[in-house]
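Right, one structure below, let's go through it.
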Amino acid sequence: MAPDDTLSEEQKIDYIYRYVAERREGTTGVGEGRPQTAPDQLWAVNELQRRAAGTPGRIAFAGMVATPSADPHLWQQEADVTQLMRLDWASHSRTLEALSHPVRLRILQAILGGAHTVQEFALLPSMGTTGQIYHHLRELLAVDWIRANRRNHYEITPNRVVPLLVAMLSSLNSPVEDEG
């Protein structure tokens, strides 16, 4: 059983706990009862190949993220490559540009780590003045990477948590090693 919108919050949390436990034991077949073996290492690609039969391809990303201050985020997105190629990529440059400044990335990382206020962000190294921090927050707010859920309290927009981490992961030159 995969997590979806028909599950209760309690069922989703149970799914995440089972997944984490299975990862620690060296298995990842949540609800499938089978260990992650060499042929399954490209399980996502294998599924995309099945779904993309007769098309130029599909692209997908998914994740489950537990943050210190929010319920777990379960997210997946999939698209046909042909549809992606038809988009006006330049019209999305501002959204990507918002991620191109080191202070903004530090703010986003801090929020995911549990900080939520300008005062907390100002304690981080190389953040600049509070006025500069507010400038960067406005840039992130303008393209919906973050939201202010009350005065001077910021959070990652829920549907942006996994995409943000995917963007970060895609910027790496080498894989991130699992702890354990």
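For each of Ser69, Ser100, count neighbouring Cβ atoms within 10 Å of the residue's Cβ, then give the residues from fewest to most.
Ser100, Ser69
Phi angles across the range 69-76 convert, under the Karplus curve 6.51 cos²θ - 1.76 cosθ + 1.60 with θ = phi - 60°, into 3J(HN,Hα) values of 10, 9, 5, x, 9, 10, 8, 8 Hz, Gly and Pro given as x. Report the full-extension gain for the segment Asn149 to Val65: residue separation times 0.36 nm, less the Cα-Cα distance, to one decimal in nm. 28.3 nm is the gain from fully extending Asn149 to Val65.
Local charge for Val81 was computed over the other residues whose Cβ lies under 14 Å away, with Lys and Arg +1 and Asp and Glu -1, and equals +1.
Here the translational diffusion coefficient of the range 68-180 follows from Stokes-Einstein with Rh set to the Kirkwood radius across Cα pairs; for 37 °C and 0.692 mPa s it amounts to 212 µm²/s.
Cβ crowding within 10 Å, taken as a proxy for footprinting-reagent exposure, orders Trp145, Trp89, Trp75, Trp43 from fewest neighbours to most as Trp89, Trp43, Trp75, Trp145. Estimated from the Cβ-Cβ distance and a Förster radius of 30 angstrom, the FRET efficiency linking Glu47 and Ser126 is about 0.10.
Starting with the fewest neighbours, write out Ile133, Ile156 ranked by other beta-carbon atoms found within 10 Å of each beta-carbon.
Starting with the residue having the fewest Cβ neighbours, the order is Ile133, Ile156.
For Thr67, the residues whose amide H sits under 5 Å from its own are His73, ignoring neighbours fewer than 5 places away on the same chain, with H placed 1.01 Å from N.
Per the Debye formula with a single identical scatterer at each Cα and no solvent contribution, what log10 I(q)/I(0) holds for the range 70-119 at q = 0.27 Å⁻¹? Log10 I(q)/I(0), no solvent term: -1.02.
Just so you know, all these numbers are worked out from the coordinates, no wet-lab data involved. Predicted, not measured: the structure shown is a model, and the values here were computed from it. Here the Cβ is made from the backbone with ideal geometry for all residues, glycine too, and neighbour counts use every protein chain on show.
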